[in-house]
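Everything on this sheet refers to the single structure shown next.
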Amino acid sequence: MADKTLRVTQVKSAIGCPADQGKTLRALGLGKIGRTVEQVDNPCVRGMIFKVKHLVNVEEAN
């Protein structure tokens, strides 16, 4: 069975946010508003999403 994945979409800009939050977005594969990526659901990715939760929308991917 494949690992569960999360669909992460950037909805706000990182301009004006601390630099580490912008770098976290880049590490997730984001960087432009509206861009969507699928990430494996694990504690590391969950931590990165939590750090930028005010900039992204997250939903479970099937």
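The values are calculated or read from the model by the stated rules, or taken from the named source; none is laboratory data. Since we're looking at a predicted model, the values are computed, not measured. With ideal geometry, Cβ positions are generated from the backbone for all residues, glycine too; neighbour counts draw on all protein chains shown. The area values use the complete protein model at the heavy-atom level, side chains included, leaving out ligands, DNA and RNA. Shrake-Rupley method; radii C 1.70, N 1.55, O 1.52, S 1.80 Å.
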Exactly one of these conditions fails for ASP3: (1) within 10 Å of the chain's Cα centre (by Cα); (2) loosely packed, with under 13 Cβ neighbours inside 10 Å. Give me its number. (1)
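Do the conditions hold for MET48, that is, is it among the hydrophobic types (A, V, I, L, M, F, W, C) and modelled with pLDDT under 95? Talk me through it step by step, then tell me what you get.
Numbers: among the hydrophobic types (A, V, I, L, M, F, W, C): yes; modelled with pLDDT under 95: no.
Here the answer is no, as MET48 does not meet what is asked.
Could we say that ALA14 is part of a loop (DSSP other than H, G, I, E, B) and either surrounded by 15 or more Cβ atoms within 10 Å (Cβ to Cβ) or modelled with pLDDT of 95 or more (or both) here? Walk me through how you get there before you give the answer.
Values: part of a loop (DSSP other than H, G, I, E, B): yes; either surrounded by 15 or more Cβ atoms within 10 Å (Cβ to Cβ) or modelled with pLDDT of 95 or more (or both): yes.
The answer is yes for ALA14.
Residues being assigned to a loop (DSSP other than H, G, I, E, B) and within 8 Å of the chain's Cα centre (by Cα): count how many of those fall in region 23-54. Working first, answer last.
Filtering region 23-54 down to residues assigned to a loop (DSSP other than H, G, I, E, B) leaves 29-35, 41-42, 52-54.
Those still in the list that are within 8 Å of the chain's Cα centre (by Cα) too: 29-30, 52-53.
Result for region 23-54: 4.
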Are there any pairs, at least 6 apart or on different chains, whose C-beta atoms fall under 8 Å, with the first in region 41-54 and within 13 Å of ARG26 (Cα to Cα) and open to solvent by less than 90 Å² (accessible area, probe 1.4 Å) and the second part of a helix (DSSP H, G or I) and not hydrophobic (A, V, I, L, M, F, W, C), and if so, which? MET48/THR24; LYS51/ASP20; LYS51/GLN21; LYS51/THR24; VAL52/GLN21; VAL52/THR24
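Determine, yes or no, whether LEU6 is at pLDDT 95 or above, part of a strand (DSSP E or B), out of contact with any Leu (no Cβ under 6 Å at 6 or more places or on another chain) and hydrophobic (A, V, I, L, M, F, W, C).
Numbers: at pLDDT 95 or above: yes; part of a strand (DSSP E or B): yes; out of contact with any Leu (no Cβ under 6 Å at 6 or more places or on another chain): yes; hydrophobic (A, V, I, L, M, F, W, C): yes.
When the stated conditions are applied, LEU6 passes them.
Is it true that some residue in region 22-32 is within 17 Å of GLU60 (Cβ to Cβ), open to solvent by 30 Å² or more (accessible area, probe 1.4 Å) and at pLDDT 95 or above?
Filtering region 22-32 for residues within 17 Å of GLU60 (Cβ to Cβ) gives 28.
Now restrict to residues that are open to solvent by 30 Å² or more (accessible area, probe 1.4 Å): none.
No, region 22-32 contains no residue that is within 17 Å of GLU60 (Cβ to Cβ), open to solvent by 30 Å² or more (accessible area, probe 1.4 Å) and at pLDDT 95 or above.
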